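Asks: Supplied in structure tokens, the structure appears directly below.
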Amino acid sequence: MSTTTTPRVSVIIPVYNGDRYIRQAIESVLSQTYQSYEIIVIDDGSTDNTSLVLEPYVKTIRYIYQKNQGVSAARNHGIDLARGELIAFLDADDFFLPDKLTAQVGVFDAQPNLGIVHSGWRRVNQDGETIKDETPWDYVPKLDLEGWLRWKPIGTMGTLMFRRYWLQQVGSFEPGLGHAEDVDLVLRLALRGCEADWLRESTVCYRQHDQNTMRDGISQARCINGVLDKFFASESLPLEVQLLEKQVRYNTLVWSSWYLYYTGFYSEMVEYLQRSWKYSPFLPVGTVINWIDSFTGFSENVGDDLDADKLAKTSEWQNLMSWAISNSEVS
């Protein structure tokens, strides 16, 4: 850890009531093979024992307590305080793999044109045991504006490293967003011309547990589609990007519908599938088949099997099918 010179990397850790896992997050940074870094912890109004857990680290981290304002505001506060040329983020319930900083700084050194270096991630359970390594470059080989827009290949903020200059150029995170703030940020960066490339390895462990913010299906769906509303309203979109709108809208609405089903919000699932209908590139029967195929694929990606029979027997799905038949006859 750099103590006498300006650090090259600032690691920003926002935390809210994270006393259960924050120690492991801090230790994972202290164990890095790369040493020119600082750790900035922004406590976003925790009411648990987070401050007590962090007491042993007061001489090795910069700890700031603020009134609760949300994760985007906490990250922005960290960016304002950062001294490093490069910025890495770490959620308080995740942890870095030992070579994360070394490897991503190496990509920046090899490609000075880059503003973002992205990586894979390792999904782990609440005890930190490996579930699966995610390799998003398999389906998004190029991280340009179209790739970010079509696939939104971000599992956790910990996979990304940024040049601080670029974050300052676009105003960092949108404070009003509770979810999808990462997608909003990279889309604004890519639209501004910020170049990105892959580090094709996992650098962070993303912990899956009952308190993940990703469990909030309704807010997640609302935010990601709201980000697209704002993005496609921009007057500076290239024509080739404008032409992607229907496909991107359809795919995102179907994913949102699956996530609402996955998190138990069946009525909202129906609402979002109905919204996807007008963007569908398929005939009516093909659209329904695509919904089921998409649900199956999304479920497999998180290690679950879709129980299609259970889905078909829900009153919400049956009502949706009646609606689909009615709309097919109209069209």
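Asks: Could you give the angle, 0 to 90 degrees to the nearest 10, between helix 245-262's Cα long axis and the longest principal axis of the Cα atoms of the chain?
Replies: Rounded to the nearest ten degrees, it is 80.
Asks: In addition: Need the C-alpha centroid separation for the stretch 265-331 versus the stretch 97-159, integer Å.
Replies: 31
Asks: Which whole number in µm²/s is D for the stretch 5-49 by Stokes-Einstein, with the Kirkwood Rh taken over Cα pairs at 37 °C and 0.692 mPa s? Don't skip to the end; give the middle numbers.
Replies: On the way: Rh = 11.4 Å.
Using the Kirkwood radius from Cα pairs, D works out to 287 µm²/s.
Asks: Right, something else. About the Cα centre of the chain, how large is the charge dipole given +1 on each Lys and Arg Cβ and -1 on each Asp and Glu Cβ? Please answer in debye to the nearest 20.
Replies: On the way: 30 positive and 44 negative charges, 131 e Å.
Here the chain has a charge dipole of around 620 debye.
Asks: Could you list which residues have their amide H under 5 Å from that of Leu160, counting only those 5 or more apart in sequence or on another chain, with H placed in the peptide plane?
Replies: Correct list: Phe89.
Asks: Report the relative contact order of the chain, percent, no decimals, based on alpha-carbon pairs under 8 angstrom and at least 6 residues apart. Can you show the working numbers first?
Replies: Working: 537 pairs, mean separation 50.2, N = 331.
Relative CO of the chain lands at 15 percent.
Asks: For the stretch 113-190, state the average projected area of the convex hull of the C-alpha atoms over all orientations, rounded to one decimal in nm². Spell out each step's value before the answer.
Replies: Values: hull surface 24.1 nm².
Averaged projected area of the stretch 113-190's Cα convex hull equals 6.0 nm².
Asks: Amide H to amide H, which residues 5 or more places from Ile131 or on other chains are under 5 Å from it, using H placed in the peptide plane?
Replies: Arg123, Val124, Asn125
Asks: While we're looking at this one, here's another question. Using C-alpha positions alone, give me the convex hull volume of the stretch 143-273 per residue in cubic angstrom. Intermediate results must be reported in sequence, preceding the final value.
Replies: Working: hull volume 15.6 nm³, N = 131.
Residue-normalised Cα hull volume stands at 119 Å³.
Asks: If you don't mind, there's one more thing I want to ask. From the phi of every residue in the stretch 139-154, what ³J(HN,Hα) in whole Hz does the Karplus formula 6.51 cos²θ - 1.76 cosθ + 1.60 yield, where θ is phi - 60° and glycine or proline is x?
Replies: Values per residue, Gly and Pro as x: 10, 10, x, 10, 8, 10, 4, 5, x, 4, 6, 5, 10, 6, x, 10 Hz.
Asks: Would you work out what percent of the accessible area of the chain, with all protein chains in place, is carbon or sulfur (probe 1.4 Å)? Walk me through the numbers on the way to the answer.
Replies: Details: 7490 of 15140 Å².
Whole-percent figure for carbon plus sulfur exposure: 49.
Asks: To the nearest 10 degrees, how steep is helix 71-81 against the longest Cα principal axis of the chain, on a 0 to 90 scale?
Replies: 30
Asks: Compare the Cα positions of Trp323, Ala308, Leu145 along the charge dipole of the chain (+1 at Cβ of Lys, Arg; -1 at Cβ of Asp, Glu; about the Cα centre) and return the one farthest towards the positive end.
Replies: Sorting the options by dipole projection puts first Leu145.
Asks: Can you give the charge dipole size of the stretch 234-300 about its Cα centre, rounded to the nearest 20 debye, using +1 on the beta carbon of Lys and Arg and -1 on the beta carbon of Asp and Glu?
Replies: Values: 4 positive and 7 negative charges, 32 e Å.
Using Cβ point charges on Lys, Arg, Asp and Glu, the stretch 234-300 gives about 160 debye.
Asks: Whole number please: convex hull volume per residue of the Cα set in the stretch 120-164, in Å³? Before the final figure, lay out each step's value.
Replies: Details: hull volume 4.0 nm³, N = 45.
In the stretch 120-164, the Cα convex hull volume per residue is 90 Å³.
Asks: Whole-Hz ³J(HN,Hα) for each residue in the stretch 175-185, computed from phi via Karplus 6.51 cos²θ - 1.76 cosθ + 1.60 with θ = phi - 60°, x for glycine and proline: what do you get?
Replies: Once θ is set to phi - 60°, the couplings for the stretch 175-185 become x, x, 8, x, 9, 6, 5, 5, 5, 4, 5 Hz.
Asks: What number comes out for accessible area per residue over the chain if the probe is 1.4 Å? Units Å², please.
Replies: Working: 15140 Å² over 331 residues.
Value for the chain: 46 Å² per residue.
Asks: 5 Å is the cut-off here: which amide hydrogens, built 1.01 Å from N in the peptide plane, fall below it relative to Arg62, excluding neighbours closer than 5 in sequence?
Replies: Under 5 Å from the amide H of Arg62 lie the amide H atoms of Ile39, Ile40, Val41, each far enough along the sequence or on another chain.
Asks: With Rg and the Kirkwood Rh both taken from Cα atoms, where does Rg over Rh land for the stretch 216-311? Working shown, then result.
Replies: On the way: Rg = 13.9 Å, Rh = 14.0 Å.
A ratio of 0.99.
Asks: Still on this structure: If the stretch 1-134 were replaced by its equivalent ellipsoid, with semi-axes equal to the square roots of 5 times the Cα gyration tensor eigenvalues, what would those be, largest first, whole Å? Before the final figure, lay out each step's value.
Replies: Working: eigenvalues 104, 70, 40 Å².
The answer is 23, 19, 14 Å, longest axis first.
Asks: Still on this structure, please answer the following. Mind pulling the angle between the C-alpha long axis of helix 217-232 and the longest principal axis of the chain? Nearest 10 degrees, somewhere in 0 to 90.
Replies: Helix 217-232 sits roughly 90 degrees off the main axis of the chain.
Asks: With the cut-off at 1.5 for a/c, could you classify the stretch 155-217 from its C-alpha gyration tensor as rounded, prolate or oblate?
Replies: Working: a/c = 2.56, a/b = 1.33, b/c = 1.92.
Oblate, because a/c is 1.5 or more while a/b does not exceed b/c.
Asks: Give me the three principal axis extents of the chain from the C-alpha atoms, as integers in angstrom, largest value leading.
Replies: In descending order, the Cα extents are 73, 43, 34 Å.
Asks: Next up: Provide the packing ranking of 313-323, 91-101, i.e. peptides ordered by the mean count of other C-beta atoms within 10 Å per residue, highest first. Mind dumping the intermediate values first?
Replies: Values: 313-323: 13.8, 91-101: 22.2.
Ranking, from highest mean packing down: 91-101, 313-323.
Asks: Another question about this same structure. Could you go through the stretch 265-282 in sequence order and give the Karplus-derived ³J(HN,Hα) for each residue, using 6.51 cos²θ - 1.76 cosθ + 1.60 with θ = phi - 60°, rounded to whole Hz, and x for Gly and Pro?
Replies: Per-residue couplings from phi come out as 9, 5, 5, 5, 3, 4, 4, 6, 5, 4, 5, 6, 3, 6, 9, 5, x, 9 Hz.
Asks: How big, in percent, is the set of alpha carbon pairs in the stretch 215-268 lying more than 12 Å apart?
Replies: Details: 933 of 1431 pairs.
I get 65 percent for the Cα pairs in the stretch 215-268 exceeding 12 Å.
The values are calculated or read from the model by the stated rules, or taken from the named source; none is laboratory data. Quantities reported herein were computed from a predicted structural model and do not represent experimental measurements. Note that each Cβ is placed from the backbone with ideal geometry, even for glycine, and that neighbours are counted across all protein chains shown. Accessible surface areas use protein heavy atoms only, side chains included; no ligands, DNA or RNA. Shrake-Rupley method; radii C 1.70, N 1.55, O 1.52, S 1.80 Å.
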